[in-house]
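Following: one structure in structure tokens, then a few remarks.
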Amino acid sequence: MNLFSHWRNRLAQHPEAGAFVGFLAIFAFFSIAVPTTFLSNNSFSSILTSQAVPGIVAIGVTLLMISGEFDLSIGSIMGVASLAFLAAAVNGVHILGAAALGLLTGCGLGLINGLLLVWTRIPSFIITLGTMLVFRAIALTAISGGRIIRYADYSRTDPTLTLSPLLLIAGALVLGALTLWMSHHSIVANLRSFRNRPALRSGFVLLALTGLNLLILYLVFALVQQLGQRLFEPLEISFFHLLNGRLPADLVGGNYRLSIIWWALLAILFSLLLTQTRYGNAIFATGGNSMAARAQGIKTDRIRVLNFVLAGGLAALAGIIQVARLKSVDPLRGQGLELEVIAAAVIGGTLLSGGYGSILGTLIGTTLMGMLRTGLVLLSVPANAFRGAIGAILIAAVVINALFRRQK
């Protein structure tokens, strides 16, 4: 086996490998072309903040694509769920009830897509193309005349949650314990794998899981230190700030927002779901060979429907997080998002035919698109050139993935 075949075989084992190489190449190009402005905290924060919302949506789309399905209505679902959330919030519904309504709306619309798929056996491309138009019509009808619903028109203060600091600390500790319990087998396995044969995925998983647990502990200690003697006093937290507030500039600098942390947490959670659970194995089996999966007892229709529900729920969550920053909703919210997140998943190594892909690859692909958008702006390239650049990278990603997969 020659050197090229050896590396092609190694890269084929990791869906995210091609995206990682492309990420490094584009990062190196902009670092050389505009080093002063690109290699800055403001630039990095702009990239991550702008991609947090599409990144959350892309997680659900990746699950769908690995199971062999598409959802072209995901942008419309995000728009309708955002509208349901803000409309409820400005009409007197408690903010948690409004958020629950938004999430249920997204999950419900995703359920409609999934049921239509399994009942009619029409390809999901056609089903979701139709529901994309239907769901968009809901938003256009509800907000007629191109109006924008603004939270500030109904209230001058952000909705708040009154919580006990001790409850927050206990919740964070429970979350840390749960995360450690879910990931300890993965940490041990990947540590053993990384020692025997260093690999990108093993190194990332180790870093991500260890970093997540350390981050939770750091947040607990920081909260205790900041509150001091007020540990037993009720704490009022802005709901909008909790979802997408700006992180302290004196601590991290730039314009980093909490949406980045939610994106990272969801990416780690669903990566564990995909790689460490029976449900994840069923997703790969359903997309790889559905007939063989059914022969092994996997309920492939149920897997597909659940993935549509998860994708709709994640789109709704992303919409709520975006509303928390913009504090408004327009009838075209999320339009065109479906193509962007599908492109991110494909660039990240997910096959259009299903059965192959990773959340890590989608994370890299989404970040790559944000880096490309920011880099082109810094180079004073017209904004319309961004879509052309993404199209070229998308074609290259499909060709490279096909080349690697032949070897595998």
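The values are calculated or read from the model by the stated rules, or taken from the named source; none is laboratory data. These numbers come from a predicted model, not from an experiment. Positions of Cβ are backbone-derived with ideal geometry, glycine not excepted, and every protein chain shown enters the neighbour counts.
Would you pick out the residues in the range 67-95 that are more than 13 Å from A318 (Cα to Cα), touching a Pro at 6+ places or on another chain (Cβ under 9 Å) and assigned to a helix (DSSP H, G or I)?
Matches in the range 67-95: A89, I95.
For the range 12-45, what are the residues that are within 25 Å of I321 (Cα to Cα) and out of contact with any Lys or Arg (no Cβ under 9 Å at 6 or more places or on another chain)?
Within the range 12-45, N41, N42, S43, F44 qualify.
Which number in (1) at negative phi; (2) surrounded by 21 or more Cβ atoms within 10 Å (Cβ to Cβ); (3) not in a helix (DSSP H, G or I) marks the one condition that S353 misses?
(2)
Give the residue that is modelled with the lowest pLDDT, with candidates limited to residues of the range 92-121 that are within 19 Å of Y151 (Cβ to Cβ) and surrounded by fewer than 17 Cβ atoms within 10 Å (Cβ to Cβ).
Within the range 92-121, the match that is modelled with the lowest pLDDT is G92.
Suppose we filter R304, R294 for residues that are modelled with pLDDT of 90 or more, surrounded by 14 or more Cβ atoms within 10 Å (Cβ to Cβ) and touching an Asp or Glu at 6+ places or on another chain (Cβ under 7 Å); which single one remains?
The unique qualifying residue is R304.
What tally of residues in the range 252-265 results from selecting those that are over 13 Å from S45 (Cα atoms) and either modelled with pLDDT under 75 or part of a loop (DSSP other than H, G, I, E, B) (or both)?
Residues in the range 252-265 being over 13 Å from S45 (Cα atoms) and either modelled with pLDDT under 75 or part of a loop (DSSP other than H, G, I, E, B) (or both): 0 in total.
Please pick out the residue among D158, D153, D71 that is modelled with pLDDT under 95 and in contact with a strand residue (DSSP E or B) (Cβ under 7 Å, 6 or more places away or on another chain).
Going through D158, D153, D71 in turn, the sole match is D158.
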